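Visitor: Below you will find the structure I want to go over with you.
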Number of protein chains: 2
Amino acid sequence: MDFFEAVKKRRSIRRYTQDPFPEDLVEKALEAAVLAPNSSNTQTWNFYWVRSEEKKKTLIENCLSQSAARTASHLLVVVADPKLWKRSQSSLIEWAQKANAPKEVVMYYEKLVPIMYRWGFLNLLAPIKDLIFFVTGLFRPIMRGPASRRDAQEVAIKSAALAAENFVLAISALGGASCMMEGFDEWRVKKLLNLSSSARVVMVIAVGYEAEKGTWGPQVRLPMNEVVHRL
Amino acid sequence: MDFFEAVKKRRSIRRYTQDPFPEDLVEKALEAAVLAPNSSNTQTWNFYWVRSEEKKKTLIENCLSQSAARTASHLLVVVADPKLWKRSQSSLIEWAQKANAPKEVVMYYEKLVPIMYRWGFLNLLAPIKDLIFFVTGLFRPIMRGPASRRDAQEVAIKSAALAAENFVLAISALGGASCMMEGFDEWRVKKLLNLSSSARVVMVIAVGYEAEKGTWGPQVRLPMNEVVHRL
């Protein structure tokens, strides 16, 4: 499907038919998801595709039993966890060496990424990092984060959101419908998926085929001149 | 362009040719950006298209003078600000009434959204909201945020990231190249754009036509079975 058509056809659909959405198309959409840009290519994301009936039932309850969750053919949980930088580090160093990237790129993954994504026991590194950023920043432009655990989670959440957007657009391009849900109990979802304490649940995505009354009405957006500012 | 082709062609390009990228294509990509799903359709985002030579020069410095910023044909700053819920509230209430949405939808925009996006003077509402979420959450699944200013910013950042992803994919579909940059001085960029204190700079996006050596090498990602978990 044409890119702009896929973008225009994507709506947040809150009711799905009982027709199962093909699993291989969900897989294809997941392959598009991970092609999203992400912070330093650390890929600090995980996608939980909840298929067991029992777990799905609990997940629906944890999504406050909203209709999109209840009627979905598939439910996927998008998770961000800044600690996952460790998972990709070695392959990124190997990649940089193979690509003959400048020594700085290898150094970046060996030395800088671990510092960026660390906040220390009880967040104790954060105020030290903040102070360094503040003092250095008095003299020249500098990146002011991530310092705290929350900062690192924010970076990971942002990247995971980019992947999630690729995913829902891909579902649209494949003729399906989806709904990104933020109405869920994060604490209970983390427990259900047995996630580590540093992980954050970015969203739960419902996938299926649109049923009647899948939306309240036509899509509305603010006029472009209210959101785009030319300077 | 086909959706999956646009996804595959998108790479983070760090060097652009001197050919100007047409402004009407940037506009078309911005129109695709705002079609992204976003939290409660509050559209708490703004896109600053920095065109004046003087401001662009400062913005490049604030992006630590990285090559993607230096050589870009266009620089756009994606901003999230939870306080922008106020901008869309009246048109969303009007839309819900016109669409004959259930009374709950109108109530949601009239009563619930303002509570969700408020953190009170000095964040004082946040601990009260957190306590209510905690106590209610003992008995049943409940959304546990946003409570604090940071929580509300996180919601806004997530939505703005979705729009930004639509934007870079659209640029790819239109034959251009882009780079999402997180390496910038947020404090200085906020000052340059004269942003309100609650606003957050989500990313700066460089747009142009790819020059030679735009990337270090082929795109790499972790194997799918390391990031997708079937439960």
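Visitor: May I ask you to list the residues in the stretch A:199-221 that are assigned to a loop (DSSP other than H, G, I, E, B) and over 30 Å from residue A:121 (Cβ atoms)?
Guide: A:209, A:211, A:212, A:213, A:214, A:215, A:216, A:217, A:218, A:219, A:220, A:221, listed by residue number.
Visitor: Suppose we filter B:119, B:49 for residues that are modelled with pLDDT of 95 or more and either buried (at least 22 other Cβ atoms within 10 Å of the Cβ) or not assigned by TED's automatic domain parsing to the domain that holds residue B:22 (or both); which single one remains?
Guide: Working: B:49 fails: either buried (at least 22 other Cβ atoms within 10 Å of the Cβ) or not assigned by TED's automatic domain parsing to the domain that holds residue B:22 (or both).
After applying the criteria, what remains is B:119.
Visitor: With B:138, B:174, B:231 as the choices, which residue is aliphatic (A, V, I, L, M) and surrounded by 18 or more Cβ atoms within 10 Å (Cβ to Cβ)? I'd like the intermediate steps shown before the answer.
Guide: Working: B:138 fails: surrounded by 18 or more Cβ atoms within 10 Å (Cβ to Cβ); B:231 fails: surrounded by 18 or more Cβ atoms within 10 Å (Cβ to Cβ).
So the residue among B:138, B:174, B:231 that is aliphatic (A, V, I, L, M) and surrounded by 18 or more Cβ atoms within 10 Å (Cβ to Cβ) is B:174.
Visitor: Same structure, new question: So, residue A:100, is that one at positive phi and buried (at least 16 other Cβ atoms within 10 Å of the Cβ) or not?
Guide: So residue A:100 does not fit the description; no.
Visitor: If you go through the stretch B:19-44 one residue at a time, how many are in contact (Cβ under 8 Å) with a residue 24 or more places away in the chain and assigned to a loop (DSSP other than H, G, I, E, B)?
Guide: Total satisfying the criteria: 11.
Visitor: Here is a follow-up. Of the conditions (1) within 15 Å of the chain's Cα centre (by Cα); (2) facing chain A (nearest Cβ under 8 Å); (3) surrounded by fewer than 22 Cβ atoms within 10 Å (Cβ to Cβ); (4) not small (Gly, Ala, Ser), residue B:203 satisfies every one except a single condition; which number is it?
Guide: (3)
Visitor: How about the stretch B:187-206: which of its residues are over 29 Å from residue A:47 (Cβ atoms) and not basic (Lys, Arg)?
Guide: Within the stretch B:187-206, B:187, B:189, B:192, B:193, B:194, B:195, B:196, B:197, B:198, B:199 meet the criteria.
Visitor: While we're looking at this one, here's another question. If I ask for residues that are of a type in the set (Ser, Thr, Tyr) and in contact with a Phe, Trp or Tyr (Cβ under 7 Å, 6 or more places away or on another chain), which ones from the stretch B:186-217 would you list?
Guide: B:209
Visitor: Is it the case that the stretch B:109-131 has a residue that's closer than 18 Å to residue A:218 by Cα and under 24 Å from the mean Cα position of the chain (by Cα)? Give the derivation first.
Guide: Step one: of the stretch B:109-131, the residues closer than 18 Å to residue A:218 by Cα are B:109.
Still in the running and under 24 Å from the mean Cα position of the chain (by Cα): B:109.
Yes, some residue in the stretch B:109-131 is closer than 18 Å to residue A:218 by Cα and under 24 Å from the mean Cα position of the chain (by Cα).
Visitor: Residue A:176 passes all but one of (1) under 25 Å from residue B:116 (Cβ atoms); (2) modelled with pLDDT of 95 or more; which number fails?
Guide: Only one criterion in (1) under 25 Å from residue B:116 (Cβ atoms); (2) modelled with pLDDT of 95 or more is unmet by residue A:176, namely (1).
Visitor: Here are some residues: A:94, A:110. Which one is in contact with a helix residue (DSSP H, G or I) (Cβ under 7 Å, 6 or more places away or on another chain) and surrounded by fewer than 17 Cβ atoms within 10 Å (Cβ to Cβ)?
Guide: Every option except A:110 fails the conditions.
Condition check ((1) at the interface with chain B (Cβ under 7 Å from one of its Cβ atoms); (2) touching a Gly at 6+ places or on another chain (Cβ under 8 Å)) across all residues:
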residue: A:4; (1), (2): yes, no
residue: A:10; (1), (2): no, no
residue: A:19; (1), (2): no, yes
residue: A:23; (1), (2): no, no
residue: A:28; (1), (2): no, no
residue: A:31; (1), (2): yes, no
residue: A:34; (1), (2): yes, no
residue: A:37; (1), (2): yes, no
residue: A:43; (1), (2): yes, no
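Visitor: Here is a further query. For the stretch B:148-157, check the following and say yes or no: at least one residue is small (Gly, Ala, Ser), within 27 Å of the chain's Cα centre (by Cα) and under 18 Å from residue A:181 (Cα atoms).
Guide: Yes; the residues of the stretch B:148-157 include at least one that is small (Gly, Ala, Ser), within 27 Å of the chain's Cα centre (by Cα) and under 18 Å from residue A:181 (Cα atoms).
Visitor: Among the residues of the stretch A:45-69 satisfying the criterion of being in a loop (DSSP other than H, G, I, E, B) and farther than 19 Å from residue B:158 by Cβ, which is farthest from the other protein chains (Cβ to nearest Cβ)?
Guide: In this case the residue turns out to be A:65.
Visitor: Might you check whether a residue that is acidic (Asp, Glu), in a loop (DSSP other than H, G, I, E, B), under 18 Å from residue B:58 (Cα atoms) and at pLDDT 95 or above occurs anywhere in the stretch B:179-198?
Guide: The answer is yes, given that some residue of the stretch B:179-198 is acidic (Asp, Glu), in a loop (DSSP other than H, G, I, E, B), under 18 Å from residue B:58 (Cα atoms) and at pLDDT 95 or above.
Visitor: Can you tell which of A:80, A:36, A:69, A:101 is at pLDDT below 95 and of a type in the set (A, V, I, L, M, F, W, C)?
Guide: The conditions single out A:101.
Visitor: Further question on the same structure: Somewhere in the stretch B:162-172, is a residue under 16 Å from residue B:42 (Cβ atoms) and either assigned to a strand (DSSP E or B) or at pLDDT 95 or above (or both)?
Guide: Here is the first cut: in the stretch B:162-172, the ones under 16 Å from residue B:42 (Cβ atoms) are B:162-163.
With the extra rule that they be either assigned to a strand (DSSP E or B) or at pLDDT 95 or above (or both), the set shrinks to B:162-163.
Checking the stretch B:162-172: at least one residue is under 16 Å from residue B:42 (Cβ atoms) and either assigned to a strand (DSSP E or B) or at pLDDT 95 or above (or both).
The values are calculated or read from the model by the stated rules, or taken from the named source; none is laboratory data. Being a predicted model, the structure only gives us computed values, none of them experimental. Every residue, glycine as well, gets a Cβ built from its backbone with ideal geometry; the counts of neighbours run over all protein chains shown.
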